[in-house]
Amino acid sequence: MKKLVFFVSILAIIAVLFAGCAKESGELTIKKGVLMVGMEIGYPPMEYMADDGVTPIGFDVSMGRAIAEKMGLQVQFVDTAWDGIFAAVNTRKFDCIMSSVTITPERQQNFNFSRPYIQNTLAIVMPKNSRYRVSSPQDLAGLGVAYQEATTSDYYMRQLGQEGLRFTPYEYDKVMYCFNELELGRVDAIMTDLLVAYEYLARSEKFEIVWQGGEEEFGICIRKGNDALTEAINAALEELFEDGTMLRISMEFFNGMDLVSALK
């Protein structure tokens, strides 16, 4: 009897494994009929909560809905802390990341990426009444600099530190905390994405952009080797560029600015 129970148990385990393999190979997304999108919802104007505190809105959110519609899928946004978002897509907590992910050679070694969908660059933001004069990253020497941890701003500031720049780092898990601290005078400057800087300058006349870096591009991040989903997302993006949807979304969330057509 014990042998029979053991044999049945083994068969059950094999069945589960085969079912998992079938799901992996037969379905485009983890949840049938749904594109599950990971994002850190706290990065305006790319992804943030509406005034009701529960509805995600922003450039990436609108793009995600449009991509899912082109693919004939529903969309589900999964709010995820940035420091765990890449591990989560690898462990199939969601299908892809649409959360202002800069395409870098290091990330391309570990993940699939869609075609670029928007251009960006790093920027230094300071109070308009600052007593410090900064026109380049090197001018940050001796200052307190805030940035969001595990982002390209973080990597860039770490690189400057390794090259000998001496500054006081202030790392935060949300970019909004950086701007709160700058407004309160607890930090001297912020290193952040230019697209985010635009949003905060539109909200407040207290800040100004004093430096912009070289161009970089955002892409949709997908688990390494998931080529079928990558191709499907790219096809949807192509359609959105061609039918003017990407331009419309850019104009809506960037105060009438076209930040996408250069990548068409």
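Please work out whether the chain counts as rounded, prolate or oblate from its C-alpha gyration tensor, where a ≥ b ≥ c are the square roots of the eigenvalues and a/c under 1.5 means rounded, while otherwise a/b larger than b/c means prolate and anything else oblate?
It is prolate, given that a/c is not under 1.5 and a/b is the larger ratio.
Pull up the DSSP beta bridges for the chain and report the antiparallel fraction as a percent, rounded to 5.
60 percent
For Ala262, what is the net charge nearby, where nearby means another residue's Cβ is under 12 Å from its Cβ and Lys, Arg count +1, Asp, Glu -1?
-2
With n ≥ 4 as the cut-off for DSSP H runs, can you work out [θ] at 222 nm for the chain, using -39500 (n - 2.57) per run divided by the number of residues, rounded to the nearest 500?
Roughly -12000 deg cm²/dmol at 222 nm, from the helical runs in the chain.
Ordering Asp83, Asp51, Asp243 from largest to smallest accessible area (1.4 angstrom probe), what's the sequence?
Asp51, Asp83, Asp243
What are the trypsin sites (Lys or Arg not before Pro) within region 131-201 that DSSP puts in a loop, where the Cβ has at most 14 other Cβ atoms within 10 Å?
Those that pass, being in a loop and sparsely packed, are Arg131, Arg133, Arg166, Arg186.
Return the sequence-ordered ³J(HN,Hα) values of region 156-173 in whole Hz as given by the Karplus equation 6.51 cos²θ - 1.76 cosθ + 1.60 applied to θ = phi - 60°, using x for Gly and Pro.
In residue order, the calculated couplings are 5, 5, 4, 4, 4, x, 5, 8, x, 6, 9, 8, 9, x, 10, 9, 10, 7 Hz.
Per residue, how much accessible area does the chain have with a 1.4 Å probe, in Å²?
50 Å²
FRET efficiency for Ala235 and Arg133, Cβ-Cβ distance as r, R0 = 41 Å, nearest 0.05?
FRET efficiency, Ala235 to Arg133: 0.25.
Pop out the carbon and sulfur fraction of the accessible area of the chain as a percent, whole number, probe 1.4 Å.
Roughly 53 percent, rounded to a whole number.
Long-range amide H contacts for Val78: which residues qualify at under 5 Å (H placed 1.01 Å from N, peptide plane, sequence gap of 5 or more or a different chain)?
Val37, Gly38, Met39
So how much slack lies between Arg248 and Ser204, counting 0.36 nm per residue of separation and subtracting their Cα-Cα distance, in nm?
13.4 nm
According to the square roots a ≥ b ≥ c of the eigenvalues of the Cα gyration tensor, what is the shape class of region 150-262, taking rounded for a/c under 1.5, prolate for a/b larger than b/c otherwise, and oblate for the remainder?
oblate
For region 100-142, which chymotrypsin sites (Phe, Trp or Tyr not before Pro) are both in a DSSP coil and crowded by at most 14 other Cβ atoms within 10 Å?
Hits after loop and neighbour filter: Tyr132.
With point charges of +1 on the Cβ of Lys and Arg and -1 on the Cβ of Asp and Glu, referenced to the Cα centre of region 112-264, which listed residue (Thr152, Pro169, Cys221) lies farthest in the positive direction of the dipole?
Toward the positive end, the furthest listed residue is Pro169.
How big is the charge dipole of the chain about its Cα centre, in debye rounded to the nearest 20, if each Lys and Arg gets +1 on its Cβ and each Asp and Glu gets -1 on its Cβ?
960 debye
For Phe77, what is the net charge nearby, where nearby means another residue's Cβ is under 11 Å from its Cβ and Lys, Arg count +1, Asp, Glu -1?
-3
Could you tell me whether region 19-112 comes out rounded, prolate or oblate from its Cα gyration tensor? Rule is a ≥ b ≥ c as square roots of the eigenvalues, rounded for a/c under 1.5, then prolate if a/b exceeds b/c, otherwise oblate.
Note, shape of region 19-112 comes out oblate.
Tell me the angle of helix 194-203 to the major Cα principal axis of the chain, expressed in degrees between 0 and 90 and rounded to the nearest ten.
Taking Cα atoms only, the helix is inclined about 60 degrees.
The values are calculated or read from the model by the stated rules, or taken from the named source; none is laboratory data. Bear in mind the structure is a predicted one, so any value in this text is a computation, not a measurement. We place every Cβ from the backbone using ideal geometry, glycine too, and count neighbours over all the protein chains shown. The protein model used for the area step is the full one, side chains on, heavy atoms only, and it has no ligands, DNA or RNA in it. Shrake-Rupley method; radii C 1.70, N 1.55, O 1.52, S 1.80 Å.
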